[in-house]
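The values are calculated or read from the model by the stated rules, or taken from the named source; none is laboratory data. If you're wondering where the values come from, they're calculated on a predicted model, not measured in any experiment. Methodologically, a virtual Cβ is constructed for each residue, glycine included, from the backbone with ideal geometry; neighbour enumeration extends over all protein chains shown.
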There are 2 protein chains.
Amino acid sequence: MRDFSADHRWLSINTATLRGAGRLDTIIEACARHGVRAISPWRDQVAAIGLERTAQLVRTNGLALSGYCRGGMFPAMDAAGRQAALDDNRRAVDEAKTLDAACLVLVVGALPGALAGAALAKDIAGARWQVEDGIAATLEYAREVGMPLAIEPLHPMYAADRACINTIEQALDLCDRLDPVPGALGVDGRRSAALGVAVDVYHVWWDPKLEAQIARAGQERLLAFHVCDWLAKTRDLLEDRGMMGDGVIEIPKIRAWVEAAGFDGYSEVEIFSSLDWWKRPADEVLATCIERHRSVV
Amino acid sequence: MRDFSADHRWLSINTATLRGAGRLDTIIEACARHGVRAISPWRDQVAAIGLERTAQLVRTNGLALSGYCRGGMFPAMDAAGRQAALDDNRRAVDEAKTLDAACLVLVVGALPGALAGAALAKDIAGARWQVEDGIAATLEYAREVGMPLAIEPLHPMYAADRACINTIEQALDLCDRLDPVPGALGVDGRRSAALGVAVDVYHVWWDPKLEAQIARAGQERLLAFHVCDWLAKTRDLLEDRGMMGDGVIEIPKIRAWVEAAGFDGYSEVEIFSSLDWWKRPADEVLATCIERHRSVV
């Protein structure tokens, strides 16, 4: 297991962590100021300053992208909606490629309408089939351009509105069906699956099969590793994630499992926290991320 | 699959659904007034009016108990804490027996301290071993007196503070280890496992392995079936459950699976809702439960 205590070279900042800090150019400047080597930006933040401007800032600051957030959201009520999702995912793959991201993270979607507050259908099995079809179609294009797709299993509390893939086991079963020979995609001389998983401790820490499924994923399918913490008193289902060390997740134990399986990429901090961290200055948030990365990740 | 549309003879009311209505005697009167044949009371509600008084009211009103809530909460920081939990579970078994409950429901507990807001330990694997030890000890006594124990797998969002058993699969694995020959306990001439599961749709609806694990449980291990609904916009992790039909759970589909596996008991309504239903009059809540039981369960 890598020693993170001496520096933060393996720290990546998911830019959603700094949603309170303003535009992406400001966020990137702050990251550079703190010696952060990698980020994972969100599409809406990129769109707000432009893809080319983002690419330029990423190059100028010598940043790596541990991932690009996000594709997915495949299920829809009709064929036109599903096609619109596929078109949008193709654009997301292109953007990820332009920014040279390590992977495109997929938040796969769930019951159509639920995210807006009123589910138009309750058929979660049907949503899961639509997700599989959507990933299959997107994967074809992603393979062509050489962009790995990372399915992010989301916590079951998001099964209605955000993602109906809710365990690593379920994600890997899907990977095995759509991409039976992992390691076929050579990106930057590194063996990688065309389709794998993003393991976010917030979503999976509770899973009794976590250790076994991380081992099953192996190096080829472990495309991203996200950290934050689960607060014992969580006040909001979406925007009350904790800073590493402030909650109950055994982050070093999970990182040890991920690294034992062969993962050697960035540890990406992704904290949605309108109730706390988004209210604080970017410099304080980043200094805390760095300190916690060295001490409790 | 049983037809519920004509009456509500298979409806049970978990008395937590009526927490806004006052004391247990008032709640029982209201249930009797609406022709409810079964309830599942909580220990604190029973304690408030006394066990003997409760038993008398249950008998007078000809009520069945679809379950008794609850035992569990096994993990603790030291041996004294664990022994106190075992003692308390033994009392819960006795109370369940006095009230002739179909089973004692176990909310098994999780990280010590987390329920009070500050976890004293983060070792979820350790908590799971403590749970297994606690159930093993309680099961010995429960077998003696003939009271089935129903492990309730709780939604993973409660893994820190309420229950570190979070899927039916995990619960059944534990059942198979501690009670390898289900059906050994004959209660009221009915074959029942000494140890089984309480399936609450709120906790398990998202599980991709739900259908298969319900089938695996079978009649002997399916000791209780709880219904409510998952609201697409859930505002609180604990007390914002929806009335059946107001959310996204395919309740009839899950009930069909449970009945196909052999379950023929009550459909127990358990709604924690400080944000809505606990504010309404008991008669309105019960009339709505009955209407929804007949139309959407």
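Per the listing B:A171, B:A193, the residue uniquely buried (at least 24 other Cβ atoms within 10 Å of the Cβ) and touching a Lys or Arg at 6+ places or on another chain (Cβ under 6 Å) is B:A193. Annotation: of all residues in the stretch A:31-49 being in contact (Cβ under 8 Å) with a residue 60 or more places away in the chain and surrounded by 20 or more Cβ atoms within 10 Å (Cβ to Cβ), the one that is nearest to A:A224 (Cα to Cα) is A:S40. Taking A:M157 as the residue in question, decide whether it is farther than 26 Å from B:A232 by Cβ and either within 14 Å of chain B (Cβ to nearest Cβ) or not in a helix (DSSP H, G or I) (or both). So A:M157 fails the test. Entry remark, the stretch A:143-168: residues being of a type in the set (V, I, T), surrounded by 24 or more Cβ atoms within 10 Å (Cβ to Cβ) and within 20 Å of A:Y68 (Cα to Cα) number 3 in total. In the stretch B:116-145, the residues that are more than 21 Å from B:V105 (Cβ to Cβ) reach residues that are of a type in the set (F, W, Y) with C-beta atoms within less than 8 angstrom, at least six apart or across chains, in these pairs: B:I124/A:W205; B:I124/A:W206. Does any residue of the stretch B:120-131 turn out to be more than 14 Å from chain A (Cβ to nearest Cβ) and assigned to a loop (DSSP other than H, G, I, E, B)? No; the residues of the stretch B:120-131 include none that is more than 14 Å from chain A (Cβ to nearest Cβ) and assigned to a loop (DSSP other than H, G, I, E, B).
In a residue-by-residue description of the stretch B:211-227, the property of being under 28 Å from A:W230 (Cβ atoms), more than 14 Å from chain A (Cβ to nearest Cβ) and acidic (D, E) applies to no position. Let me confirm something: among B:G134, B:G183, which residue is in a loop (DSSP other than H, G, I, E, B) and away from chain A (no Cβ under 14 Å)? Just one listed residue meets the conditions, B:G183. A single member of B:G35, B:G81 is of a type outside the set (S, T, Y) and within 22 Å of the chain's Cα centre (by Cα), and it is B:G35.
With respect to A:E270, determine if the residue is within 16 Å of the chain's Cα centre (by Cα) and of a type in the set (D, E, K, R). Yes: the conditions hold for A:E270. You will find that of B:A261, B:A256, B:A282, the residue that is within 14 Å of another protein chain (Cβ to nearest Cβ) and more than 25 Å from A:A118 (Cβ to Cβ) is B:A256 and no other. Quick check on A:P148: is it facing chain B (nearest Cβ under 10 Å) and at negative phi? Here the answer is no, as A:P148 does not meet what is asked. If you go through the stretch A:264-281 and pick out every residue that is within 14 Å of A:D240 (Cβ to Cβ) and surrounded by 15 or more Cβ atoms within 10 Å (Cβ to Cβ), you end up with 7. Of the residues B:L231, B:L237, the single one that is assigned to a loop (DSSP other than H, G, I, E, B), within 19 Å of A:C164 (Cα to Cα) and in contact (Cβ under 8 Å) with a residue 60 or more places away in the chain is B:L237. For beta carbons closer than 7 Å, sequence separation of 6+ or different chains, a first residue in the stretch B:98-115 that is closer than 21 Å to B:D200 by Cα and a second that is of a type in the set (F, W, Y), the qualifying pairs are B:A101/B:Y68; B:L104/B:Y68; B:V105/B:Y68; B:V108/B:F74; B:G109/B:F74. Assess whether B:L231 counts as being crowded, with 18+ Cβ neighbours inside 10 Å and away from every other protein chain (no Cβ under 14 Å). In short, no. For A:V36, the criteria (1) hydrophobic (A, V, I, L, M, F, W, C); (2) in a loop (DSSP other than H, G, I, E, B); (3) over 16 Å from A:A102 (Cβ atoms) hold in every case but one, which is (3).
Give the residues of the stretch A:246-274 that are part of a loop (DSSP other than H, G, I, E, B) and either within 15 Å of A:W206 (Cα to Cα) or modelled with pLDDT under 95 (or both), sorted by residue number. Result: A:G247, A:V248, A:I249, A:E250.
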